[in-house]
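First comes the structure, then the notes that go with it.
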Amino acid sequence: MTEGTGALAGLVVVDLSTTLPSAYTSMFFADYGAEVIQVEPFGGSRLRSQDAWPFWFRGKKSIELDYRDPDDLAVARRLAADADLVIEAFRPGVADRLGLGFESLSEENPGLVYTSITGFGPTGKYANVKSYEPIVMAKTGSMYGPNRSGRQGPVFMNVAGATMAGSLLAIQGSLVALHGRLRNGHGQKVDATMIQGMLSQDPWSYFGPVLARLYPEAFSGVGQAPSAPRPVPTSWLGFGLLNAYSADGRWMQFAHATQKQFAAFVDELGLGWTRSDPEWKGAPDSEDASLRERWWELMLEAARSKTVAEWQEVFDRNSNTFAEVYRDSMELFEHPQFVHDDNIAEVEVPGLGPVRQLGPLVKMSRTGGDASSPPPAPGQQSDQLRSRPRRAAARVEGTPTDRPALEGVLVIDLGTFYAGPFGSTMLTDQGARVIKVEPLAGDPIRYNMPIPEWASVRVTQGKESLAVDVFTAEGKAIVEELIRRADLVLHSYRGGVAKRMGLDQEAALALNPDLIYHHGQGYGLTGPYSRRQAYAPTIAAGSGFSRRSGGGGPEGVPLTIEEIKDQIGFLGGAQAGLADGFAALGVGAALALGLVARDLGRGGQSSMTTMLATMGHVMGDSVIDYPDKRGPLVTDPELWGFGALYRLYEAAEGWVVLCVTDDREWQALAAALDEVALGTDPRFESPELRAQNQEQLADLLSGVFTTRTAREWEDRMLEADVACVAVTPMLGGLASGLQSSGGLGEELGFMTTVVHPVFGEIPRTRRLFNLSRSQERLGASCTIGQHTDAILEELGYAAEDIAALRAKGVVG
């Protein structure tokens, strides 16, 4: 271990590859004090051509190596064999062929944690496909969304959603494996995939088809309004999920997930009178699409009667209603809460000047991250690292165990909904015991879909439920005793709620000084937005994620109600991910970070992630500012892609996405397409000429791809090692196709079945990252208070005491 400060000080991390998944993952470790050695090819990583390279490379040391040179390969092997953590994002088998694989390195260093990040995992049909973002997204079933040009079919996305989701899984997996290593000395291999990162993005949509198969008589279609194909709101209007246009020409995203919030919203719209009017009774949830559309129009009219500033006054006065304005990526730096939480770091970078960028993902009270170190020049530490002496090998004693890595870790989950609590759900899969503390009526997510428990199936899996009124003295005492025994506490209520409970971080750490108390917030604990509800749609709009995903609409111009309705279908953009899913991945990483920091002797402390800041990191390629930056890549207006060789094409049946990024891949494509003489066409004989003749090349390829089906092209191109796959059609929701029966998730071994206490045998994902040695532990969901009695008995309560508490309404 090396000297230094920070949550991860003393750890040595070697990043063997310089693709974005590995570069972001290793940056996280650098932010928290680990010594991170970034291996780059001579001349530097291709990532340095993008605006965000100062963000991805900050705080690291750089060494330039050519793996084809035996001497350089020996240097890489020595550095990797000496590390605590090695990260790589090569295709499966590449590191092994170089002698840089886990099996080889762990022979010298049995305590090594080795993390591989791939698109689809180490085995299966797609294992060796180049893991470019669009290739992975094409197989999720989510590459569909609005297209203002009017063309049909999938759309190309700007946001690297799968890449960032895979990176956040890799961070969590690395930390979980390090926790195991710090307890028993033995390392292991972590496999994180981009496509499993996308599996985290679907809180409940995938479960609709499951219920339809279980109870076919209970489901029937709802008719469309006469104005179809314009999007017509469904029963979500009953919760005030509304896009609206303000009086001063800004798009706003309202979201209210409980009936109490929806009622407050209706009152603030001035529509409370409709509750007693027979004509409008039940309008938001009516099966009459025409009535729903008329209700929609009433809401839109009322919403545009106020300016954004006037609506802000409403939100300040009534905390039960809220909306975010649609920002673009760089407007995030001006978000009042983002500024308040000090989420912006400014670093002086040689050659660029002052660079404003995102601060560390996780805020920690004792060992906070540090983003102040500038990125190195390519090879800046090459001489130092080439001559670096070997570290003394750590002794590893005892026999490695295959027990789950987090066995013995107790988590008290005080969270609600999905964005925070799914972070602890992932820990249950690695063996942690998670006790969900919920009110007697249950977490509101249990009622968030028309059938109770539908929406909570995924977020409660593997947990134990304790139903208790923490606002009573007896209920609070129960939770306090659990906190005394806990390793981690997760809290995700709005700012001030934990204080009212008497279970805030100060109170919890007083009970248990070694505790890690994590806040998985929407906005933050204090500040202008801390008491405002945060849901995926509002965070997506307010962070700039919706616009970066291709959503948003014209602003600052007069629009009629009909024009507003016509625009609303385009506001969300393509489904590059959900703020809930990304936030949960951030929470999972933060919980594991706190655990490892404690293992390293940093003690107990509080920490925080927010949905808003996490979405900033997801858009890290565009949320960065310095003089003369070029701007991030943006798709063409019709959302085909980034150029002729990195875009969608329509096939004779279905669609394909093609990703060719360098001359070697071009040669493989030219050889595979014997229908046309690409390799000898003078218009395309160099990268410069291909760039100049993009339109002609796209036209030529468009004609070629229409001659075969998408499936035929996929088989042919994968055989030629060209990154080109068929686009999976959308199947009901983001990534739901991955979780459907017979879908890709099942094919790749990502799915299993469990017995739900209400719905019986149902599918569920396996753990979202794999550990080579530690077993997974896959539990079913829990119902409200299912484990109340057992937990109380464990705490020493007698049967008569439990009965008395239940009679008083303390537990349920």
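The values are calculated or read from the model by the stated rules, or taken from the named source; none is laboratory data. All values reported here derive from a predicted model rather than from experimental measurement. Every residue, glycine among them, receives a Cβ derived from its backbone with ideal geometry; neighbour counts consider all protein chains shown. We work out accessible area using only protein heavy atoms, side chains counted, and drop any ligands, DNA or RNA first. Shrake-Rupley method; radii C 1.70, N 1.55, O 1.52, S 1.80 Å.
Summary of computed values
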quantity	calculated
Additional length obtainable on full extension of the chain from Thr401 to Phe642, 0.36 nm per residue less Cα span	82.0 nm
Extension reserve of the Asp801-Ala671 stretch, reckoned as 0.36 nm per residue once the Cα distance is removed	39.1 nm
For segment 1-146, accessible area per residue (1.4 Å probe, heavy atoms of protein chains only), Å²	30 Å²
Highest to lowest packing among 99-105, 81-87, 284-290, scored as the average C-beta count within 10 Å	81-87, 99-105, 284-290
Packing-based ranking, highest mean first, of 486-499, 678-691 given that Cβ atoms within 10 Å are counted	486-499, 678-691
Prolate/oblate/rounded label for segment 241-349 (Cα gyration tensor, a/c 1.5)	prolate
Theoretical FRET efficiency, 1/(1+(r/R0)^6), r = Cβ-Cβ of Ser702 and Ser104, R0 51 Å, to 0.05	0.65
Sparse-neighbourhood loop sites, trypsin sites (Lys or Arg not before Pro) in segment 62-130 - DSSP loop, at most 10 other Cβ within 10 angstrom	Arg68
Reach of Lys189 by Cα under 24 Å, taken over lysines that are not fewer than 8 positions away in the same chain	Lys60, Lys61, Lys125, Lys130
Pairwise centroid distance, computed over Cα atoms, of segment 626-663 with segment 39-118, Å	28 Å
J(HN,Hα) series, segment 415-423, from Karplus relation 6.51 cos²θ - 1.76 cosθ + 1.60, nearest Hz, glycine and proline x	x, 9, 6, 10, 4, x, x, 5, x
Two-decimal Rg/Rh across segment 334-399, once Rg and the Kirkwood Rh are taken from alpha-carbon atoms	1.17
Ranked order, Asp69, Asp342 - accessible area, probe 1.4 Å, largest first	Asp342, Asp69
Mean accessible surface per residue for segment 584-707, computed with a 1.4 Å probe while every protein chain stays in place, in Å²	39 Å²
Three-way shape call for segment 303-417 based on the alpha-carbon gyration tensor, with the a/c threshold at 1.5	oblate
Net lengthening on full extension, Asp66/Glu746 (0.36 nm per residue, minus Cα-Cα)	240.9 nm
Cross-link table Lys436/Lys499; Lys463/Lys808; Lys281/Lys306; Lys306/Lys565; Lys476/Lys499, entries beyond 22 Å C-alpha to C-alpha	Lys463/Lys808; Lys281/Lys306
Quotient of Cα Rg and 2.2 N^0.38 Å for the chain, N being how many residues it contains	0.94
For segment 569-585, 3J(HN,Hα) per residue [Karplus equation, 6.51 cos²θ - 1.76 cosθ + 1.60, θ = phi - 60°, Hz, x = Gly/Pro]	x, 9, 5, x, x, 6, 7, 7, x, 10, 4, 4, x, 5, 4, 5, 4
Restricting segment 273-372 to trypsin sites (Lys or Arg not before Pro) in coil, as DSSP defines it, with at most 15 other Cβ within 10 Å	Lys281, Arg366
Positive-end extreme of charge dipole, segment 124-183 - chosen from Ala170, Val159, Pro146 (charges on Cβ)	Ala170
Percent carbon-and-sulfur accessible area, the chain, ignoring ligands, DNA and RNA, probe 1.4 Å	51 percent
Note, ³J(HN,Hα) from phi for segment 610-619, Karplus 6.51, -1.76, 1.60, rounded to Hz, x at Gly and Pro	10, 4, 5, 5, 4, 5, x, 5, 4, 9
Antiparallel DSSP beta bridges within the chain, percent to nearest 5	45 percent
Accessible-area ranking of Val758, Val596, largest first, probe 1.4 Å	Val758, Val596
Peptides 610-619, 184-193, 330-339 ordered by average Cβ neighbours within 10 Å, highest first	610-619, 184-193, 330-339
Inter-label distance for Asp383 and Ala473, nm, one decimal - labels placed 7 Å from Cα along Cα-to-Cβ	7.2 nm
Segment 713-812 - accessible surface per residue (Å², probe 1.4 Å)	42 Å²
Label-zone membership for segment 416-457, site Tyr215, 7 angstrom Cα→C-beta point, backbone N under 18 Å	445-457
Unit charges on C-beta of K, R, D, E only; dipole of the chain, Debye	1080 debye
